[in-house]
Amino acid sequence: MTRNIMLIAGEASGDRIAARAIRAVNALARERGILASVYGIAGDECAAEGVEYLHTAREMSVVGFVEVARRFRFFRNVLREMTELLDTRRPDVLLLVDYPGFNIRLAREAKKRGIRVVYYVSPQVWAWHASRIDVLREVVNEMLVVFPFEESLYHEHGLTNAHFVGHPLVERIEEERSAFRSRELFASAYGLDASREWLLVFSGSRREEVRRLLPVMANAAGLFAAKHYLQPILVESEAIEENRYDLSVGSDQSDRSTEIVRFRDAKATHELMSHAALGLLKSGTTTLEAALLGLPGIIVYKTHPVSFAIGKRVVKLQYIGLANIVLGQKLYPELLQHDVTVNKIVDELDEVWRRADSFRESLHGLADSLRGPAPGPSRRVAETLLAG
């Protein structure tokens, strides 16, 4: 028997999460004597698990209302293409991973055609666009959520097929830890200076993020690292071409005192984070990764001024960093828009550096709160996709 699964994972973080789920699908399919065929929109990690992608997560990844509007024609054409694929290849199930603006529209089309829809990693309806819950209730067959509060929220609004399965980052990090090397061996493998503490710089996995954030982040990191004798390390996303980082890192060196080392190995990023002393983090999933790995730091966010103004009107959250949202406190200082300056970044890093030990203590117990029930999120997704 063949199970045809259409997958939409439109960003680098979604690609990583989906890849684990598809690996579990392939394993479970072999156990049950099923041939799983997975295709759609994904990235390199999903491709390594045998996913056939028609568009890449790199093509689809964009942040901000204005930025999306600029590429409206492209997204409209891709949506039309994916809708046609629902007819021509007729999947048994449509797996959607986050990426709500596009995925909810495609879910509607799948619903019209009687195609089963599984949504993994919920749209952040608790942050903005709560009206989407009504739509999701109509078009999603099963919602697999990664934060415990999401399950109760959906149940309160009548979406009773929402289930908390645990956060895949917890699952992934716990599996990876057993293979982590000592700091000295890791440093030797990647040419890093083990005699100094490491300051990690994460500027994003989208071109627009890197363009806006990296110049000021690199300069601030260089100054702070020189002040405290740290080694600054720029962690590059493999979802972005290396020359994008070349342009951004080299665009303004007026304030920099220390050369930044470049690191480009997605598989070893969590191991690097576990050995680092401090992180200068763009907002998003990276902040939760840092928190789960016990890495203190600060969060920066900067987008198009119009996108930011719209966001302030529609987003109903006290914090912007995912780690802070989950923790329910502003543990990671947040610098937004015009506050993203070299001096302010250095000042905030100084403050976190001073209280790094108590900072780490505040992160204890986070993984337990997000672990979820057995058999874990990836296996639960696989069981859901292959059911029936």
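The values are calculated or read from the model by the stated rules, or taken from the named source; none is laboratory data. Here the structure is a predicted model, which is why all the values come from computation and not from measurement. So basically every Cβ, Gly included, is an ideal-geometry build from the backbone, and we count neighbours across all protein chains shown.
Determine, yes or no, whether Glu351 is at pLDDT 95 or above and more than 23 Å from Ala220 (Cβ to Cβ). The answer is no for Glu351. Hey, does region 346-356 have a residue that's exposed (fewer than 13 other Cβ atoms within 10 Å of the Cβ) and outside any helix (DSSP H, G or I)? Checked against the condition, which is being exposed (fewer than 13 other Cβ atoms within 10 Å of the Cβ) and outside any helix (DSSP H, G or I), region 346-356 yields at least one hit.
Could you go through region 45-52 and let me know if any residue there is modelled with pLDDT of 95 or more, in a helix (DSSP H, G or I) and either among the polar types (S, T, N, Q) or surrounded by fewer than 17 Cβ atoms within 10 Å (Cβ to Cβ) (or both). Can you show your working first?
Looking only at region 45-52, we keep the residues that are modelled with pLDDT of 95 or more, and these are 46-52.
Filter once more, so that each one left must be in a helix (DSSP H, G or I): 46-48.
Still in the running and either among the polar types (S, T, N, Q) or surrounded by fewer than 17 Cβ atoms within 10 Å (Cβ to Cβ) (or both): 47-48.
Looking for residues that are modelled with pLDDT of 95 or more, in a helix (DSSP H, G or I) and either among the polar types (S, T, N, Q) or surrounded by fewer than 17 Cβ atoms within 10 Å (Cβ to Cβ) (or both), one finds at least one in region 45-52, hence yes.
Table: residues versus (1) touching a strand residue (DSSP E or B) at 6+ places or on another chain (Cβ under 9 Å); (2) more than 30 Å from Glu174 (Cα to Cα); (3) not in a helix (DSSP H, G or I).
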site	(1), (2), (3)
Asn4	yes, yes, yes
Ala19	yes, no, no
Ile22	yes, no, no
Ala36	yes, no, yes
Arg76	no, yes, no
Arg80	no, yes, no
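Being over 26 Å from Gly114 (Cα atoms) and without any contact (Cβ under 8 Å) to a residue 12 or more places away in the chain is the filter here; which residues of region 139-155 pass it? Correct list: Ser152 only. Is region 72-82 home to any residue that is surrounded by fewer than 20 Cβ atoms within 10 Å (Cβ to Cβ), of a type outside the set (Val, Ile, Thr) and under 21 Å from the mean Cα position of the chain (by Cα)? Yes - at least one qualifying residue is present in region 72-82.
For region 196-249, a tally of residues being within 20 Å of the chain's Cα centre (by Cα), aromatic (Phe, Trp, Tyr) and in a helix (DSSP H, G or I) returns 1.
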